[in-house]
2 protein chains.
Amino acid sequence: MEAQSARILLQIFAIFAAAKLLAVVAERVRVPAVVAEIVAGIMIGPQVLGWVKNPQQDWLVTLASIGAIVLLFDVGLNQKLSSIMRVGMMALVVAALGVVIPFFLGYGLLQLTEHSQTEAIFLGAAMVATSVGITARVLQDLNALRTVVATIILSAAVIDDILGMLVLAVVSSLSQGRVNYAEIGSVTVVAVAFTIFTVLVGRRVVRRLGPRVVEFAASNPYFALGLVICLGLSVVAELIRMAAIIGAFLAGLVFSEEEIAPTMREKMHSVSEFLVPFFFVTMGMHMDLSVFAQTQMLLLATMVTLLAILGKLVGCGLGAYRLGWRGAVQVGVGMVPRGEVGLIVALIGLNLGTISSGLYAVVIVMSMVTTLLTPPVLKLLFVRVTPGSSPDADRANP
Amino acid sequence: MEAQSARILLQIFAIFAAAKLLAVVAERVRVPAVVAEIVAGIMIGPQVLGWVKNPQQDWLVTLASIGAIVLLFDVGLNQKLSSIMRVGMMALVVAALGVVIPFFLGYGLLQLTEHSQTEAIFLGAAMVATSVGITARVLQDLNALRTVVATIILSAAVIDDILGMLVLAVVSSLSQGRVNYAEIGSVTVVAVAFTIFTVLVGRRVVRRLGPRVVEFAASNPYFALGLVICLGLSVVAELIRMAAIIGAFLAGLVFSEEEIAPTMREKMHSVSEFLVPFFFVTMGMHMDLSVFAQTQMLLLATMVTLLAILGKLVGCGLGAYRLGWRGAVQVGVGMVPRGEVGLIVALIGLNLGTISSGLYAVVIVMSMVTTLLTPPVLKLLFVRVTPGSSPDADRANP
């Protein structure tokens with residue numbers, strides 16, 4: 001047991017040190033820190049150096065998911081519910097078009113080439129989901145979480161998660177022969193109800209409970225209350241088949257307009273600095289570089305990747321056209337990364353035997369490229385608009 | 001995998017929520033928060049409610065040890081090397097007497113009763129080690145880390161860890177028939193050299209490296225540098241058979257007199273609020289209440305526990321007699337808790353077949369009682385001396 005704990009501690013050190021080292025170097029050459037952390041994961045993961053042989057070990061999966069939860073709670077704390085309400089309809093349209101258009105692009109491409117209908121449907125589904133962690137982190141690093149674009153992207157991501165869940169449920173049951181409409185309907189109703197209930201009721205509860213908790217103990221357990229609610233909502237979200245990070249985001253939202261929010265943001269930011277790298281490094285470890293060697297798939301992979309980018313860019317950009325040309329592009333790009341979410345869908349298809357391992361490799365390529373490409377593009381798009389928040393400007397006034 | 005991660009997340013929520021809930025209630029009835037967290041562990045652990053069935057799962061062991069590392073880094077940040085140097089000799093005497101006296105009390109008791117010499121030696125060894133985490137946490141909660149008493153206790157704990165390791169090495173090899181003096185000697189030299197080297201050289205390195213790191217990137221990676229060094233020294237400490245937390249403490253010490261230390265302390269404190277409870281809750285989960293039911297052992301357990309308390313109180317108090325009556329008692333009490341360290345020694349003896357399961361139960365009782373009894377007593381001793389730092393005083397000026 002002692003030797004085991006030393007081995008784990010050594011891996012934790014390797015992950016954290018590699019992430020921070022590459023992030024600092026990346027900052028120097030103006031590459032987003034999150035890309036550096038993912039690259040750190042590819043480097044020390046089983047693919048290259050092999051310092052961490054198995055990214056699916058329980059302790060690492062746990063640290064990574066706590067990292068993601070902490071990140072999204074932090075991001076939620078930076079959103080205002082009133083702002084979200086104002087852009088709610090637009091976010092709904094952005095999310096809906098961002099689901100429908102990529103789905104049919106993926107479906108259509110595989111129908112035109114020699115693939116089965118089920119494979120076509122699964123690829124469509126894998127092209128639907130957005131990995132909001134990447135974009136949220138980039139916007140956070142750029143200090144742009146309070147912009148209208150960020151609010152739309154994050155709200156759309158919540159809706160996207162619900163729609164993605166719906167698509168996945170339909171697709172999974174289709175491939176098994178029969179669609180259970182009652183179950184799919186109830187899962188959706190629960191997800192929507194949870195989101196609305198949390199935001200509306202949670203906020204009032206926190207507003208009433210907060211002062212009492214502060215009064216109750218001298219040690220000011222308000223930050224602890226925030227973390228308890230964050231972890232609690234993450235668990236509930238996961239139990240009703242949503243992503244845990246959506247629960248964490250909603251928890252952040254619930255506290256975001258309280259008096260104590262600035263203190264909480266500062267404290268959460270310290271926790272983030274420590275734990276979030278584990279999420280992105282682990283994401284990197286899951287990236288399988290060997291798929292690029294399968295040359296016979298590269299053409300299809302390239303086309304799927306292009307359509308995946310185009311689908312979100314056009315779909316989400318169209319939904320946000322009222323923001324003007326630049327805002328619409330920012331929203332579109334922000335919704336592009338598929339991260340681990342696309343992979344999960346493809347993995348389900350692979351396990352069900354409905355997609356080939358070749359097509360699975362295609363989805364991996366698409367996920368990797370969209371994930372690694374988005375941060376630099378997003379950075380360029382935002383730095384041009386808000387030069388005040390560029391690293392160089394910060395540097396002038398340390 | 002999805003279901004597994006939901007189960008883990010649920011347990012993380014249960015641990016954190018129970019710890020914070022009981023801590024807040026405990027504060028109301030003036031019980032130290034750390035006791036509440038341990039009790040939370042007993043409650044939700046396998047002994048009582050069984051919400052967490054196995055406290056030895058990798059992910060939980062990992063979270064707990066990160067919690068302990070974070071705590072001791074935080075504690076180290078609050079110590080001044082110059083203050084430690086000033087009390088160095090006294091700490092050495094406190095540690096030495098605190099090792100010698102409990103050892104011979106335990107050894108003597110078992111020699112007088114009907115036990116083998118090996119068992120007597122093992123019990124002596126189990127009575128030697130101090131679990132500095134408990135005392136450090138109580139002093140932190142009481143805002144008393146900057147007192148002379150705290151500095152002596154923490155310095156003595158580092159020396160104690162080296163001496164304890166030495167005792168354990170001798171005892172283990174004794175029970176296997178032959179003492180390998182060369183190995184024991186080299187391990188000790190390495191430990192002492194690591195401690196001195198880290199403190200003296202590490203400080204200079206940080207002083208030189210620090211400003212360069214701050215200059216290198218706009219994102220101010222100083223906190224990250226602190227965490228990297230903290231994790232790195234923890235790994236090294238563990239690799240050379242010391243406790244990881246001693247490495248973390250030394251890392252804190254290295255940064256404690258830098259200009260940036262106050263910021264770092266604040267950030268670490270936020271991280272602590274989140275992660276430290278996992279350490280103490282897990283400690284509680286390991287407490288096996290059923291040992292109290294073994295009535296035939298209760299007399300021996302009571303005597304061993306009394307001698308364990310007396311040994312540290314007299315040994316360490318004697319070493320600190322120059323602080324006056326009250327200071328000496330504070331130091332003595334602060335060194336009493338055995339925590340998990342005594343258990344590890346006893347477990348080695350049990351696995352080697354050199355101590356009976358009955359005697360193992362005795363050590364468990366001794367560890368539990370010393371661990372749970374110390375915080376309230378320490379609190380009383382400190383609150384009387386420094387009424388300004390009592391919770392009530394804090395409460396008057398929130």
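Of everything in the range A:245-271, what is farther than 17 Å from residue A:206 by Cβ and touching a Leu at 6+ places or on another chain (Cβ under 6 Å)? Give them in sequence order.
Correct list: A:245 only.
Out of A:258, A:273, A:238, report the one residue that is at the interface with chain B (Cβ under 10 Å from one of its Cβ atoms), surrounded by fewer than 22 Cβ atoms within 10 Å (Cβ to Cβ) and acidic (Asp, Glu). Let's see the steps before the verdict.
Working: A:258 fails: at the interface with chain B (Cβ under 10 Å from one of its Cβ atoms); A:238 fails: surrounded by fewer than 22 Cβ atoms within 10 Å (Cβ to Cβ).
Criteria check complete, one pass: A:273.
I'm trying to understand the selection: among the residues of the range B:27-56, which are within 9 Å of another protein chain (Cβ to nearest Cβ) and free of Cβ contacts under 8 Å to residues at least 40 places away in the same chain?
Hits for the range B:27-56 are B:28, B:56.
Residue B:225 - would you say it is within 10 Å of chain A (Cβ to nearest Cβ), in contact (Cβ under 8 Å) with a residue 12 or more places away in the chain and part of a helix (DSSP H, G or I)?
Yes.
I want to confirm something. Restricting to the range A:209-222 and keeping residues that are in contact with a helix residue (DSSP H, G or I) (Cβ under 9 Å, 6 or more places away or on another chain) and facing chain B (nearest Cβ under 10 Å), which single residue is modelled with the highest pLDDT?
To start, the set of residues in the range A:209-222 that are in contact with a helix residue (DSSP H, G or I) (Cβ under 9 Å, 6 or more places away or on another chain) comprises A:209-210, A:213-214, A:216-222.
Among the residues that remain, those that are also facing chain B (nearest Cβ under 10 Å) are: A:213-214, A:216-221.
Values: A:213: 74, A:214: 72, A:216: 72, A:217: 68, A:218: 66, A:219: 68, A:220: 72, A:221: 80.
If we take residues in the range A:209-222 being in contact with a helix residue (DSSP H, G or I) (Cβ under 9 Å, 6 or more places away or on another chain) and facing chain B (nearest Cβ under 10 Å), then A:221 is modelled with the highest pLDDT.
Quick one: which residue in A:196, A:184, A:162 is surrounded by 17 or more Cβ atoms within 10 Å (Cβ to Cβ), out of contact with any Leu (no Cβ under 8 Å at 6 or more places or on another chain) and in a helix (DSSP H, G or I)?
Residue meeting the stated conditions: A:162.
Among the residues of the range B:293-306, which ones are in contact with a Leu (Cβ under 7 Å, 6 or more places away or on another chain) and either within 14 Å of another protein chain (Cβ to nearest Cβ) or surrounded by fewer than 21 Cβ atoms within 10 Å (Cβ to Cβ) (or both)?
B:303 - this is the single residue of the range B:293-306 that is in contact with a Leu (Cβ under 7 Å, 6 or more places away or on another chain) and either within 14 Å of another protein chain (Cβ to nearest Cβ) or surrounded by fewer than 21 Cβ atoms within 10 Å (Cβ to Cβ) (or both).
Which of the residues spanning the range B:328-342 are assigned to a helix (DSSP H, G or I) and farther than 16 Å from residue B:92 by Cα?
Residues satisfying the conditions are B:329, B:330, B:333, B:339, B:340, B:341, B:342.
So that you can scan it fast, the table gives a plain yes or no per residue for (1) assigned to a loop (DSSP other than H, G, I, E, B); (2) under 16 Å from the mean Cα position of the chain (by Cα); (3) more than 21 Å from residue B:328 (Cα to Cα):
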{"site": "B:71", "(1), (2), (3)": "no, yes, yes"}
{"site": "B:85", "(1), (2), (3)": "no, no, no"}
{"site": "B:93", "(1), (2), (3)": "no, no, no"}
{"site": "B:110", "(1), (2), (3)": "no, no, yes"}
{"site": "B:125", "(1), (2), (3)": "no, no, yes"}
{"site": "B:130", "(1), (2), (3)": "yes, yes, no"}
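Being farther than 24 Å from residue B:252 by Cα, hydrophobic (A, V, I, L, M, F, W, C) and buried (at least 24 other Cβ atoms within 10 Å of the Cβ), is that true of even one residue in the range B:91-100?
Within the range B:91-100, one or more residues are farther than 24 Å from residue B:252 by Cα, hydrophobic (A, V, I, L, M, F, W, C) and buried (at least 24 other Cβ atoms within 10 Å of the Cβ).
Quickly run through the range A:307-322 and pick out the residues that are surrounded by fewer than 19 Cβ atoms within 10 Å (Cβ to Cβ) and in contact (Cβ under 8 Å) with a residue 60 or more places away in the chain.
Selection gives A:310, A:314, A:318, A:322.
Just give me the residues in the range A:281-292 being under 25 Å from residue A:158 (Cβ atoms) and within 14 Å of chain B (Cβ to nearest Cβ), in sequence order.
A:282, A:286
Per-residue answers, yes or no, for (1) at pLDDT below 85; (2) of a type outside the set (Lys, Arg):
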position	(1), (2)
B:279	no, yes
B:286	yes, yes
B:306	no, yes
B:312	no, no
B:316	no, yes
B:332	no, yes
B:348	yes, yes
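Under the condition of being in a helix (DSSP H, G or I) and in contact with a Pro (Cβ under 6 Å, 6 or more places away or on another chain), which residue from the range B:30-61 is surrounded by the fewest Cβ atoms within 10 Å (Cβ to Cβ)?
Step by step, filter the range B:30-61, then rank; the result is B:35.
Answer yes or no as to whether residue B:64 is in a helix (DSSP H, G or I), over 22 Å from the mean Cα position of the chain (by Cα) and either more than 25 Å from residue A:214 (Cβ to Cβ) or more than 8 Å from chain A (Cβ to nearest Cβ) (or both).
In short, no.
Scan the range A:143-153 residue by residue and report those that are under 13 Å from residue A:320 (Cβ atoms) and either assigned to a helix (DSSP H, G or I) or among the aliphatic types (A, V, I, L, M) (or both).
A:148, A:149, A:150, A:151, A:152, A:153
I'd like to verify a number: residues in the range A:199-212 that are more than 13 Å from residue A:256 (Cα to Cα) and crowded, with 16+ Cβ neighbours inside 10 Å, how many?
Going through the range A:199-212 one residue at a time, the tally reaches 0.
Read through the list (1) assigned by TED's automatic domain parsing to the domain that holds residue B:377; (2) in a helix (DSSP H, G or I), then give the number of the only condition that residue B:79 fails.
(2)
Looking only at residues that are buried (at least 22 other Cβ atoms within 10 Å of the Cβ) and at the interface with chain B (Cβ under 10 Å from one of its Cβ atoms) in the range A:241-255, which one is modelled with the highest pLDDT?
Ranking the candidates gives A:247 first.
The values are calculated or read from the model by the stated rules, or taken from the named source; none is laboratory data. All of these numbers come straight from a predicted model, not from anything done at the bench. Counting neighbours? That spans all protein chains shown, and the Cβs are built from the backbone with ideal geometry, glycine included.
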